[in-house]
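Before any comments, here is the structure.
The values are calculated or read from the model by the stated rules, or taken from the named source; none is laboratory data. None of these values were measured; they are calculated from a predicted model. Glycine also receives a Cβ, built like all others from the backbone with ideal geometry; neighbour counts cover every protein chain displayed. Keep in mind that these areas ignore ligands, DNA and RNA; they rest on the heavy atoms of the full protein, side chains included. Shrake-Rupley method; radii C 1.70, N 1.55, O 1.52, S 1.80 Å.
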Amino acid sequence: MTASSPDQTPRSKDWPATAGSSNDAQVPLSVYDLTVAYHRKPVIWDIGFDLPAGQLVGVVGPNGAGKSTLLKAVMDLIPRASGRVRVFGESYRKNRHRVGYVPQRESVDWQFPVSALDVVTMGLYDEIGWCLPVRKKHRLRALDALRRVGIAELADRQISQLSGGQQQRTFLARALVQDAELYLMDEPFAAVDAATERAIVDILRELKQTRKTAVVIHHDLQTVPEYFDYVVLLNMRIVAHGPVEETFTSENLQKTYGGRLTLLDEVTEAMRRREQAL
Amino acid sequence: MTAQRLLLFACLCFANTPHLLAAPSELSSLTDRSAQWPSWEQWRRTLLLQDYNTRVVILGVAILGGAAGLVGSFTLLRKRALMGDALSHASLPGIALAYVTGTWLGMDGKSLPLLLSGATISGLFGVAVILWIRNQTRLKEDAALGIVLSVFFGFGVAVLGVIQQMESGSAAGLEDFIYGKTASMRASDAQLILLSSVIVMSGCLLLYKELVLLCFDEGFAGSRGLPVVILDIALMSMVVLITIVGLQAVGLILMIALMVIPSAAARFWTERMWWMMLYAAAIGTIGSVVGAMTSAVFPKLPSGAMIVLVCSFFFFLSMVFGSSRGVLVRYLRRRRLHRRIDRQHLLRAMYELIEPQQDGETYDSKSLVSVSQLLPMRSWNRGRLLRAIRSAEDDQLVRLRGEDTYLTRAGFVEGARLTRQHRMWEMYLITYAEVAPGLVDRDADDIEHVLEPEVIDELEELLEEQKMRIHVPVSPHDLAITGDQGAAS
């Protein structure tokens, strides 16, 4: 299928004509003309991009920019007003097993009577199949995933007895246990302690080394150049997307955040540090 | 959160009362329920299940309670518990209208399948109205629930009143659906309960892990391709099934109790979903059996009320003595925590008072600290301080001689370690201020497990700069175990 996008809405000039039209099985995530509306009010408009494989992708934008909405719309969790999503060249439905999802930590009730290990095995329910019980081999794999995020010794704890960072790691382990190729993470760095932040970054690097792709919603602009290779700047529409070096510029950030951005200088500084490191 | 729910429940109960008062005629039996003390023979017959009918009823009620406990655990965790209440209240007009229609068509108006079909239709209609109100207006679900529940119930009571005026006496027994009357249950009714309960139980057990995932994390369930809407409908259908067949035994006002109370009680005993479900089933079963038997012995006491009272007895028992979240256990846990904090405060205060006289790592047993010196260090009163000292004395960390205390060698090591840990945490929270303190797991004992070695080194350097660094002396325990190594260092 070729890209013949009906250009009715004005788009920024750096918008590639073929954005999001890829059916290529090599492209982990391709979004084309995606619009989502809640209660008559559009939340994201005309989103389109192709993500490169094997990269760490940061999704950045102000509050209410539609970052979580974008991830949910990709996974068919909320209805789309228009648009097309391809995951490795197929619909999400077909390639669901190749995608791992880390929801926001606040989205669940942590008083729920399950252990950390129980939560991680939830990542395997799809594989275990309907009506069948969780077996020992699944629990061993879940334990392995907990070990990867460094909290294997907490496997039997009820989840409200974990610290915020440990809860976040549990969620990460639940996605890792599936051994997916594309990971979608909703603010994994939100309100976690320094050790957890480190652990998550290590996991992301590990994923990259094994040619996995991770799309991470991120709110700390300063660490974007350090953590990510590729960035999607979102504020209801795509402001820009591309490799961090080219895209994560003061000009683009100004466009994304408008007057709300006071961190610009610090970001410039962070970019400079990255260049020095390279 | 809980308080809110209680308030809501109270409001719902209050919302019901005007209708009860407005229709006294068919409910007058409630007031003249003077209980007669049963004879020994009645006790014996009931408790030994000598009547075939009693046996049938008890069996039916037992399995009903179990199934309600199972499905109730899920609805409680899905935060849909009150939906069942609205459903059961909304079933009353269905029962009344089914009777009218049945009689008018020349059928047996009181045939149970007919009445329960009416109950199901109007119950589901009620739920649909709740969803419609919620989606079409800006009213929240609790308001929609309250409106539907009271309006449907009021309408049902009114229809019942009209029926009784039209055909005097023939509709007697319909009001048993309001409070529940196991005595009116026939063997075929019990079989219906049995069948429905078995369906619901197998549903809960077969779909166990899918329902758990649905209740815990709907978004993740959806991302894994679980049909969230269909599962929700399945769960709701099980609620409908249990509610409808339970109407006769427990009554529509109190049916919700059989779904909520056993599972809420079970939550106090365990942190595992599987066990919570089984405990809830057990409490539901026992509560229903005991309640139904009581009602069988005292025929004037409605079985629904008895079942609920027995279940709530178990609930209060669980709330106080529950081994996992019970009030008592939590009190003891909190007290233990406070004592531990007092212990840490004591050792740190003593260490810091003698710190200026100390020369690095060496231990000097002659450094005395008086109680009056310790008192202003923290916001403790004398009694609390002395209790902390005595408890530390029991553990051989501190000695108390008159008004003076001193640290033993082990206490000195522990005090140095704790002081270092606390200072390090304070330094960490200052240095890494962007990490919200509330989210850090800052039990001082754990600092080395939580923070990276590099961070620890960095903090040590910062403390050194401020002359607050502590070289923790070699622990006497390590000395004993590793002998030469400890001596070498």
Subject >> Backbone HN-Hα couplings from phi across region B:318-331 [Karplus 6.51/-1.76/1.60, Hz, Gly and Pro as x] >> reply: 5, 4, 7, 9, x, 6, 10, 10, x, 4, 5, 4, 5, 5
Original post:
Which is farthest toward the positive dipole end of region A:142-212 among A:158, A:209, A:172, measuring Cα position about the Cα centre, with Cβ charges +1 (Lys, Arg) and -1 (Asp, Glu)?
Top reply: A:209
Original post:
Where the accessible area of region A:25-171 is counted over protein heavy atoms with a 1.4 Å probe, how much of it, in %, is carbon and sulfur?
Top reply: 49
Original post:
Could you give me the ³J(HN,Hα) list for region A:177-189, computed from phi with Karplus coefficients 6.51, -1.76, 1.60 and θ = phi - 60°, whole Hz, x at Gly and Pro?
Top reply: 5, 6, 6, 7, 10, 10, 10, 10, 10, 9, 6, x, 8
Original post:
Across peptide A:143-153, what mean number of C-beta atoms from other chains lies inside 10 Å of a residue's C-beta?
Top reply: 0
Original post:
Treating the beta-carbon of each Lys and Arg as +1 and of each Asp and Glu as -1, no other charges, what is the dipole magnitude of region B:260-357 about its Cα centre, to the nearest 20 debye?
Top reply: 140
Subject >> Shielding by other protein chains, B:226-237, mean Cβ within 10 Å >> reply: 0
**OP:** Per residue of region A:95-105, in order, report the coupling 6.51 cos²θ - 1.76 cosθ + 1.60 (Karplus, θ = phi - 60°) as ³J(HN,Hα) in whole Hz, putting x for Gly and Pro.
**Re:** 10, 3, 5, 9, 10, x, 10, 10, x, 5, 4
Subject >> Fluctuation leader among A:126, A:229, A:144 - chain A, Gaussian network, Cα springs under 10 angstrom >> reply: A:126
Original post:
Which whole-angstrom value gives the distance between the alpha carbon centres of region B:208-246 and region A:92-157?
Top reply: 18
Subject >> Residues along region A:188-212 losing 10 Å² or more of accessible surface when the other protein chains are present rather than the chain by itself (probe 1.4 Å) >> reply: A:191, A:192, A:193, A:194, A:195, A:198
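For a 21 Å ceiling on Cα separation, which of these pairs sit above it: A:72/A:94; B:79/B:209; A:72/A:255; A:67/A:255?
Numbers: A:72/A:94 16 Å; B:79/B:209 18 Å; A:72/A:255 24 Å; A:67/A:255 16 Å.
Check vs 21 Å cut-off fails for A:72/A:255.
I'd like the interface area for chains A and B: accessible area of each alone minus the complex, both sides summed, 1.4 Å probe, protein heavy atoms only. What is it in Å² to the nearest 100?
3200
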Subject >> Solvent-accessible area lost in complex, 50 Å² minimum, residues of region A:117-133 relative to chain alone, 1.4 Å >> reply: A:122, A:125, A:130, A:131
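Kindly rank A:72-80, A:90-98, A:168-176 from highest to lowest mean number of other beta carbons found within 10 Å of each residue.
Working: A:72-80: 19.1, A:90-98: 15.3, A:168-176: 27.1.
Per-residue mean Cβ counts within 10 Å order the peptides as A:168-176, A:72-80, A:90-98.
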Original post:
What accessible area, in Å² to the nearest ten, does a 1.4 Å probe give for residue A:127?
Top reply: 110
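If you add up the charges near residue A:24, with Lys and Arg at +1 and Asp and Glu at -1, over every other residue whose beta carbon is less than 9 angstrom from its beta carbon, what do you get? Provide the component values of the computation, followed by the final result.
Values: positive: A:86; negative: A:50.
Surrounding charge for residue A:24 is 0.
So, for chain A, what is the accessible surface per residue at a probe of 1.4 Å, expressed in square angstrom? Working shown, then result.
Numbers: 12280 Å² over 278 residues.
Dividing the accessible area of chain A by its residue count gives 44 Å².
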Original post:
Considering amide H positions built from the backbone, and no H for Pro or chain starts, which residues 5 or more places from residue B:398, or on another chain, come under 5 Å of its amide H?
Top reply: B:393, B:408
Original post:
Residues with amide H under 5 Å of residue A:59's amide H, sequence separation 5 or more or different chain, H placed in the peptide plane at 1.01 Å from N; which?
Top reply: A:216, A:217, A:218, A:232
**OP:** Add +1 for every Lys or Arg and -1 for every Asp or Glu among the other residues with Cβ under 11 Å from the Cβ of residue A:137, and state the total.
**Re:** +2
Original post:
Once amide H atoms are built 1.01 Å from N in the peptide plane, which residues 5 or more positions from residue A:76, or in another chain, come under 5 Å H to H?
Top reply: none
Original post:
Top to bottom by accessible area (1.4 Å), largest first, where do B:201, B:255 land?
Top reply: B:201, B:255
**OP:** Run the dipole for region B:133-224 about the Cα centre, Lys and Arg Cβ at +1, Asp and Glu Cβ at -1, nothing else charged, and hand back the magnitude in debye, nearest 20.
**Re:** 180
**OP:** Using a 1.4 angstrom probe on heavy atoms only, work out the carbon and sulfur share of the accessible area of region B:254-382 in %.
**Re:** 65
Original post:
Is region A:35-95 best put as rounded, prolate or oblate by its Cα gyration tensor, with a ≥ b ≥ c the root eigenvalues, rounded for a/c under 1.5, and otherwise prolate when a/b is larger than b/c, oblate when not?
Top reply: oblate
Original post:
At a Förster radius of 35 Å, what calculated FRET efficiency corresponds to the Cβ-Cβ distance of residue B:375 and residue B:457, to the nearest 0.05?
Top reply: 0.45
Original post:
So what's the back-of-envelope 222 nm ellipticity for chain A, counting only DSSP H runs of four-plus at -39500 (n - 2.57) apiece and dividing by all residues, rounded to 500?
Top reply: -9500 deg cm²/dmol
**OP:** Provide the net charge surrounding residue A:216, with neighbours chosen by a C-beta distance below 13 Å and charges set as Lys +1, Arg +1, Asp -1, Glu -1.
**Re:** -2
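Looking only at other chains, what is the average number of their beta-carbon atoms within 10 angstrom of each beta-carbon in B:267-274? If you can, show how the numbers build up before the last one.
Details: counts 2, 0, 0, 2, 11, 6, 5, 3.
Partner-chain Cβ atoms within 10 Å, mean over residues of B:267-274: 4.
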